[in-house]
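In what follows, a structure is listed as structure tokens, so that the remarks can point back to it.
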Amino acid sequence: MKKLLTLTAALVLAGAITAFALAGSWTSLKQVHLNAQNPTTAFRLRIPQPKKILLYIGSAKVTATTRCIKGTTVSKLSRSFHTDGTRNLLWHIAGRQDVCHVSVSAAVKNKSPGYVSVQVYR
């Protein structure tokens, strides 16, 4: 009886972990490496129903514009970054958006190789 109870508990735990994993996941949408031969880049992304949009910056100057639509309401946020790190592009934008359009432009900083990445949690 004790083995059956342990097996049942293990199956319930495995099911809960699987359900949690399927409920939302991180997806890397765009990754760009910048160097002397490729010193600048610009790209646009259309992201349906994002929960979180993260921008990773390494040795680059970046300008990002986020436009989100929820019904008939449009929210827009433009920001410039000159330091490395992680940024939340949905900062000060209400949750549960129908679609977001993200525009990113980047250039290398100090002639060293740079990196820009956009990841989304849905």
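When residue 117 is tested against (1) open to solvent by 30 Å² or more (accessible area, probe 1.4 Å); (2) in a strand (DSSP E or B), just one condition goes unmet, and that condition is (1).
Considering region 37-69, and only residues there that are outside any strand (DSSP E or B) and open to solvent by 80 Å² or more (accessible area, probe 1.4 Å), the residue that is modelled with the lowest pLDDT turns out to be 37. Return the residues of region 70-114 that are aromatic (Phe, Trp, Tyr) and surrounded by fewer than 12 Cβ atoms within 10 Å (Cβ to Cβ); say none if nothing qualifies. Hit for region 70-114 is 91, nothing else.
The values are calculated or read from the model by the stated rules, or taken from the named source; none is laboratory data. The shown structure was predicted, so the numbers you read here are calculated from the model rather than taken from an experiment. Positions of Cβ are backbone-derived with ideal geometry, glycine not excepted, and every protein chain shown enters the neighbour counts. Ligands, DNA and RNA are excluded from the accessible area calculation, which covers all protein heavy atoms including side chains. Shrake-Rupley method; radii C 1.70, N 1.55, O 1.52, S 1.80 Å.
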